[in-house]
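Could you have a look at this structure, given as structure tokens, before my questions?
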Amino acid sequence: MASKIAKKLATKGKVGMTVAKVLIVIEIIIKKIVKYIKKALWILIILAVFLAVFVGVGFYGKAGFIKGISDESDKAVVANSEAAGGTLTGQENEENTVANDETVVVADGMDSIQDEEVIIATADVDVATQTETEVTKEELEFNKSDWNLILVNKQHPIPDDYSFELGIISGSMECDVRILEPLNEMFEMAKEDGVQLVVCSPYREMSRQEYLFDRKMKGYLNNGYSYIDAYKESSAVVTVPGASEHQIGLSLDIISDNYYKLDESFELTDAGKWLKANAYKYGFILRYPKGKEEITGIIYEPWHYRYVGVDAAKIIHEKNITLEEFIEGL
Ligand code: ZN
């Protein structure tokens, strides 16, 4: 079209010739643009088809992928519930966290095409993690058979097959090796608060407990008590051999460097006050509180602390109960 007009114009002088040339150039440019648009259209159509196929496949794949992940999460929750059967320690929680991390890592390792799915899947795992946290809280259960919750008193003597590993506190003083770390931490924190705690009676062998009990018995018998009365009185002050927490290495008599007497006035010392207010933070409880003698069967002993673990100690401290009451409530 443009070329016909150009031919006519070309015959009409110099100006006509120039206009004709411009027209031809414009025509060529337009033809090229149309050609490119046609090509581009094909590319757009091809892209649209690809997109349709991709979205379709992607949607189908996503459904399957999420199902897979939630299966994994279920497994993690099941594993968690099993772990919660025992005492939930920080380590176990840590393991669960690691398990979640692994799930996420697996998801991240999928093909990059599934990036979108991975993000969704990760969010899915996050929800699972939250659920697990709730499960963990709900199942913060204590088990009577946990080593740190063993109940030892006159009615519950130490089992014959009870065994544990001893650790050295200092010199010849020993305790259950598992409480060394919290014990040292407690002593260090007391020191930071200006209180110097001193362990005066740690783990005791059976023979030592027998000696202490016999000595008490003899004292009462020599003072005219009948055997039964002497036994009653002695057992309220010195634990019957085989039923002392000192024999399981979980209890310690703690005094201060400026008050050595094991009597009620210890509660008025800085050490006595500090222990009463802070020991539970390290897993230790005042084992024989004032006013609970009927339950514990032992007189008030503001110096006798027993390790039960931080979780149990917190509850026992806040509820102002004894280990007997705590165990009873499990
Ligand atoms: Zn004691």
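Given the pairs LYS144/LYS261; LYS154/LYS314; LYS144/LYS191; LYS292/LYS319; LYS216/LYS261; LYS154/LYS292, which are separated by over 22 angstrom at their Cα positions?
LYS144/LYS261; LYS154/LYS314; LYS144/LYS191
Which value in nm describes the separation of the simple spin-label points at LEU47 and ASP270, placed 7 Å from the Cα toward the beta carbon?
Result: 7.8 nm between the two label points.
By counting other Cβ atoms within 10 Å of each Cβ, how are LYS14, LYS218 ranked from fewest to most?
LYS14, LYS218
Arranged by the count of other C-beta atoms within 10 angstrom, fewest first, what order do HIS317, HIS304, HIS156 take?
HIS156, HIS317, HIS304
Additional query: By how many nm would the segment from ASP161 to VAL177 grow when fully extended, if each residue of separation counts as 0.36 nm and the alpha-carbon distance is taken off?
4.0 nm
Okay, next question. Based only on other Cβ atoms within 10 Å, what is the fewest-to-most ordering of PHE142, PHE284?
PHE142, PHE284
Read the figures in this text as sums done on the coordinates, not as results from a lab. Please read all numbers here as calculations on a predicted model, not as lab measurements. Counting neighbours? That spans all protein chains shown, and the Cβs are built from the backbone with ideal geometry, glycine included.
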